[in-house]
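Taking it in order: structure first as structure tokens, then the write-up.
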Amino acid sequence: MEIPLWALACGVLVLVAVRAVVWLSSMPPVGQPAAAVRALPGAPVRHAGWSSQAVPPDSDGVYDAVVVGGGPAGLAVGAALAQAGLSYVVVEKEEAAGTSWQRHYHRLCLHSLKGVSHLPYVPFPDHWPQFVPREDFARYLAAYPLLLNLNVRTGTAVVAIADRPDGRPGYAVRVRGDGGDGPVDELIARHVVVATGDNASPRIPHFPGASSFGGTLIHSSEYVSGEAFRGARALVVGFGNSGSEICLDLYERGAALVATVIRSPLNVLSRNRTMYLEPLLGLVRALFFNAPQALDALAPPARPFLFTSLASRGVTAPHPDVGLFENLRRRHKAPVVDIGQFALVASGDIAVHRAIDAITPTGAIVDGGTELQLDVIILATGYNRALDTLLPQHVLDDVYDEHGGIAVSGKPVPGHERLYFCGFDDFLGRLFQIRLEALAIAASIQAQCSQV
């Protein structure tokens, strides 16, 4: 029997409504009152409902939680723990929280709208741009722990996380002060939240002849602005979000040649088109959080509007073997956000190559034999995590999934119910998901502590 189209449509609407109810009922309390405290113009302000007071560790010096990392995820978790009335300390190896954002390249802006990108309890100022610039976000992160009076221990490196020496549930977090050069100390906690992020150290692949190059060879983490390379011939290896934006910056700053190497499959999302639909897209992603393949199956009708066609931009790149949402959810590979760089690819202003074979004293050999004369080579080849040195292997076996990503972010690690990870999932947008995960982690730790 043929099912009428209207019946199918009603069935889909009912399914979406049911998933929405389930998702909304499972959301942690946001804990953000509508009213905000007024402060100096341009400065971030905390919500009027903020009411935490510093809670010291117990008489044995044991914290309810130690948070490893003082970037956006670590600060968000610290704020949520403070609001929950738990004792905690955020440990950050830099001399100030959020320092890494001060070192990012100058052109960088957040790719998500400011309304879904702030940390708990402190919204961005109303007059800030919808896509917050790096400089403002770095200023926001510096102000955040001061506004909320968070317990952040800076200049302290975590060297290992081990079981408590007394055999009780929890962890001993071994740290070194003086930026990692001081003597070893131990922080004892009932719970640990790892919020170190994905960018612990630059990933620098080996290219034959790299040491012979007579120009500038740097990783993208060292790139500041294309102004330093005005008139230069530049090759950017890697065309993810950082690599492609660096190409755009080099072009805008007057580089004589901008070329790139696209070595991996790409999914490309148009920011100018999706920004108006971001709240709706966020809800849809949340509804299909555990079913990204289904969301990919629904995406083709919207693809011409939401996605940038690589073929239309003249890009010959490997085609992803899975859809954008499954690639993001299961394989932890974020799409490249098109902010204008692909139009430059289409016009030929950014030259695309498929492989880099070797580096020569005067440039690089690409695509199996073509030699480029270059002044600068920028390796936008990603980063390594620092987890392998922090946790024992038997714990890491339960932390990583089959694709090398963090299997569970925002919840207790299966088999290690007092260990959490925050800020390792991009599916709902990295910063928005950090906010939700931080609140969920604090609620989970509070529930465990109340049972003791």
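The values are calculated or read from the model by the stated rules, or taken from the named source; none is laboratory data. Here the structure is a predicted model, which is why all the values come from computation and not from measurement. Please note: Cβ atoms are built from the backbone with ideal geometry, for glycine as well, and neighbour counts cover all protein chains shown.
Here are the numbers:
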| quantity | calculated |
| --- | --- |
| Those residues of the stretch 89-131 which are assigned to a loop (DSSP other than H, G, I, E, B) and basic (Lys, Arg), in sequence order | LYS93, ARG107 |
| Index of the failed condition, ALA443 passing every other in (1) of a type outside the set (Val, Ile, Thr); (2) within 27 Å of SER211 (Cβ to Cβ); (3) not assigned by TED's automatic domain parsing to the domain that holds ARG253 | (2) |
| Filter pass, GLU186 being farther than 30 Å from LEU269 by Cβ, among the acidic types (Asp, Glu), surrounded by fewer than 17 Cβ atoms within 10 Å (Cβ to Cβ) and touching a residue at least 12 places away in the same chain (Cβ under 8 Å) | yes |
| Inter-residue pairs, beta-carbon under 9 Å, first within 22 Å of PRO169 (Cα to Cα) and in contact (Cβ under 8 Å) with a residue 40 or more places away in the chain and in the stretch 407-429, second buried (at least 21 other Cβ atoms within 10 Å of the Cβ) and of a type in the set (Phe, Trp, Tyr), 6+ apart | ARG418/TYR171; LEU419/TYR171 |
| Matching residues in the stretch 405-452 - criterion: being at positive phi and surrounded by fewer than 19 Cβ atoms within 10 Å (Cβ to Cβ) | GLY415 |
| Filter result (small (Gly, Ala, Ser) and surrounded by 20 or more Cβ atoms within 10 Å (Cβ to Cβ)) within the stretch 88-111 | ALA97, GLY98 |
| Inter-residue pairs, beta-carbon under 8 Å, first within 23 Å of ALA442 (Cβ to Cβ) and in the stretch 85-111, second among the acidic types (Asp, Glu) and outside any strand (DSSP E or B), 6+ apart | LEU86/ASP64; SER87/ASP58; SER87/ASP64; TYR88/ASP64 |
| Tally, over the stretch 212-244, of residues that are at pLDDT 95 or above and either hydrophobic (A, V, I, L, M, F, W, C) or touching a Leu at 6+ places or on another chain (Cβ under 7 Å) (or both) | 16 |
| ASP178 being farther than 22 Å from THR99 by Cα and not assigned by TED's automatic domain parsing to the domain that holds VAL237 | no |
| Out of ALA143, ALA172, ALA157, sole residue that is among the small types (Gly, Ala, Ser), over 26 Å from the mean Cα position of the chain (by Cα) and surrounded by 13 or more Cβ atoms within 10 Å (Cβ to Cβ) | ALA172 |
| Residue among ALA210, ALA232 that is surrounded by fewer than 18 Cβ atoms within 10 Å (Cβ to Cβ) and either over 30 Å from ARG418 (Cα atoms) or over 18 Å from the mean Cα position of the chain (by Cα) (or both) | ALA210 |
| Candidates HIS111, HIS104, HIS118 - the one that is under 20 Å from ASN151 (Cα atoms), under 14 Å from the mean Cα position of the chain (by Cα) and assigned by TED's automatic domain parsing to the domain that holds ALA160 | HIS118 |
